[in-house]
Amino acid sequence: MKICKLVSKTYLCTIKLIITINVIQQNMIWNESIECMDRESLRKIQGIRLKKTVERVYHDTPFYRRKMQELGITPDDINSIDDIVKLPFTTKYDLRDNYPFGLCAVPMSQIVRIHASSGTTGKPTVVGYTRKDLSAWSECLSRAFTAYGAGSSDIFQISYGYGLFTGGLGAHAGAENIGASVIPMSSGNTEKQITLLHDFGSTVLCCTPSYALYLADAVKDSGFPREEFKLKFGAFGAEPWTENMRRDIEAKLGIKAYDIYGLSEIAGPGVGYECECQHGTHLNEDHYFPEIVDPNTLEPVAPGETGELVFTHLTKEGMPLLRYRTKDLTALHYDKCPCGRTLVRMDRILGRSDDMLIIRGVNVFPTQIESVILEMPEFEPHYLLLVDRKNNTDTMELQVEVRPEYYSDEINKMLALKKKLTARLQSVLGLGVDVRLVEPRSIERSVGKAKRVIDNRKL
C-alpha cells in the first residue's frame, strides 16, 4: 500500500513538473525576476534609480543643472518615483539646441557608440552610449525576442537600416544576446532580401511594417513557393501601424506579427514589446520610466486615459534624459497581463501629437485613414494623403491602390468602389475626403519609414 502511494505521489510530481515545463515553454520570459516583479518592489527600484540619475545629470550636465535651479529643486528633493513630477521636461528641441554632445553626462572617452536621428528638418538628435548602456539595451531586446518565442535555434534577418539609425544594430545585438544566428541584411536590395529569406531559412524578420508588406508582395512575385520559406514571426516597428495592417502582414507572409516599440532618443527598438497575448506593449520600465501627460497642460492623466507619452531614463549613463516628451499619443495599463508579466502595458500608438492634422477644425490621424483602407478587402495597404489649402479652405486628396482582382476598366465599378470608400471615410473622420483610386503598385514604396502624408499648406 505504501509503495502504491509512493508511486502515485511520484507520478503526480512528474505530471506537475511536465505541466510547469510546458507553461514555461509557452510563456517564455527572459528575465522573470524583473518582468514579473510586484509593482511595489518595482517602484522602489525605480525610485532608487531615479535619484541616482537626477544626481548624475545635476552634477554632470549643465543643461539639467540650470533647468532644475530655475525650478528651485535639487537632487535632495527627489526621494521616490512619485517625485518625478517635480522634474523639468525635455524636448527634441533641447537635444538639437545642445547639438551634438551638450547633454552627455560622461566624458567622450566613455562613449563607445553614437546614434543620430535625422528627422525631416534641422540638425539631427544625437545620442551617446556607454558600454553599460549598450548592455542594458541588448537586455531589453532579449526580453522582446524571447516574448515572441525566439531562441538560439532561430535565424534573424535584420532588415532595419544599419548605421546612425538605431534599428539595425539594436535588433542585431538583441538577437545575438539570445544566441540566435543573425543576418545583418539592412534595408533595401529587395531581390536579395527574398533570396536570403528563402536560401538561408530565416525564421524571424525585423523591419518596418510598411517594408514587411513590400517584401510580402516581392515574395509573391519571386516565383518561390511560400511554403518553402521558414519565417515564423516578425518584429515590426519604427512607425505607427494598425491592427488591420498586422492582419494583412500575417496573411500575406504566413507569420505572427509582433510590435516592437522604441525611439532613438531613448534607446531605439526594445523600449517596449508585445508578448504572445498581444494585449498591449510591455514597457521596460525598470530602465525607461513612462508617464502619460495631457499634451496641452502637461499634467499627468489618470491610468488608462490617452495622452502624450513621456520617458525618463533610469539607468542611462551616456546621455540620460529627464521626462522626454515623445509626442506619441497612447495610454498605459497597470493590471497584470495573462502572460504573467507585471510590466506596464501601452496601447498601440494612436499617432504623434505633431502628426495630427487639423482639417477644417477636425482632428485627423493618418492611422484612422489606414484602418479604414485595411478593413476593406478591395484596397491595398498603400496610400498617399495630399493636404492643401485652396480658397482658404483645407482640402484632402487620398490616393489609394486598388487590389488587382478589384481593379477594372469599367467606370461604373470603379465609381461604386470610390463611393463606398468615401462614405466610410466620412463616417469615421466626420468630414469629406476626395478619393482617387489608382492602379496596383503605382504608389512609390519605401524600404524604411513610409511617407504617407504630404501637407502643402502654408501654416
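The values are calculated or read from the model by the stated rules, or taken from the named source; none is laboratory data. Note that the coordinates shown come from a computational prediction; the quantities given were computed from them, not determined experimentally. Glycine gets a Cβ as well: all are built from the backbone with ideal geometry, and neighbour counts include every protein chain shown.
In contact with a helix residue (DSSP H, G or I) (Cβ under 9 Å, 6 or more places away or on another chain) and among the basic types (Lys, Arg): is that true of Arg323 in this structure? Yes: the conditions hold for Arg323.
On the stretch given as region 60-90, residues that are in contact (Cβ under 8 Å) with a residue 60 or more places away in the chain, aliphatic (A, V, I, L, M) and not in a helix (DSSP H, G or I) total 1. When we screen Thr53, Thr20 for residues that are touching a Pro at 6+ places or on another chain (Cβ under 8 Å) and either under 28 Å from Cys337 (Cα atoms) or modelled with pLDDT of 95 or more (or both), the only hit is Thr53. Restricting Glu405, Glu380, Glu410 to those that are over 21 Å from Leu431 (Cα atoms), of a type outside the set (Ser, Thr, Tyr) and in contact (Cβ under 8 Å) with a residue 40 or more places away in the chain reduces the list to Glu380.
Given the structure, is Ile249 closer than 26 Å to Glu380 by Cα, aliphatic (A, V, I, L, M) and touching a residue at least 60 places away in the same chain (Cβ under 8 Å)?
Numbers: closer than 26 Å to Glu380 by Cα: yes; aliphatic (A, V, I, L, M): yes; touching a residue at least 60 places away in the same chain (Cβ under 8 Å): no.
Here the answer is no, as Ile249 does not meet what is asked.
Of all the residues in region 376-403, those that are in a loop (DSSP other than H, G, I, E, B), of a type outside the set (A, V, I, L, M, F, W, C) and within 31 Å of the chain's Cα centre (by Cα) number 3.
For every residue, the table says whether it meets (1) of a type in the set (Gly, Ala, Ser); (2) surrounded by 14 or more Cβ atoms within 10 Å (Cβ to Cβ); (3) not assigned by TED's automatic domain parsing to the domain that holds Lys449.
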| site | (1), (2), (3) |
| --- | --- |
| Ile45 | no, yes, yes |
| Thr61 | no, yes, yes |
| Ile73 | no, yes, yes |
| Ile81 | no, yes, yes |
| Asp97 | no, no, yes |
| Ser109 | yes, no, yes |
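Does Ile369 meet the test of being part of a helix (DSSP H, G or I), more than 19 Å from Thr330 (Cα to Cα) and either free of Cβ contacts under 8 Å to residues at least 60 places away in the same chain or not assigned by TED's automatic domain parsing to the domain that holds Tyr214 (or both)?
no
For region 111-133: of the residues being touching a residue at least 24 places away in the same chain (Cβ under 8 Å) and in a helix (DSSP H, G or I), which is surrounded by the most Cβ atoms within 10 Å (Cβ to Cβ)? Only one residue tops the list, namely Asp133. Residues in region 289-302 include none that are touching a Cys at 6+ places or on another chain (Cβ under 9 Å), part of a strand (DSSP E or B) and on the phi < 0 side of the Ramachandran plot. Cβ-Cβ contacts under 9 Å between residues 6 or more apart (or on different chains), taken from a first residue in region 261-283 that is under 18 Å from Lys132 (Cα atoms) to a second residue that is acidic (Asp, Glu) and crowded, with 24+ Cβ neighbours inside 10 Å, are listed as Ala267/Asp133.
Just give me the residues in region 152-178 being in contact with a Gly (Cβ under 7 Å, 6 or more places away or on another chain) and either surrounded by fewer than 22 Cβ atoms within 10 Å (Cβ to Cβ) or on the phi > 0 side of the Ramachandran plot (or both), in sequence order. Spell out the reasoning first.
So in region 152-178, the residues in contact with a Gly (Cβ under 7 Å, 6 or more places away or on another chain) come out as 152, 155, 158, 160-162, 166-168, 170, 174, 178.
Matches in region 152-178: Ser152, Ile155, Gly161, Tyr162, Ile178.
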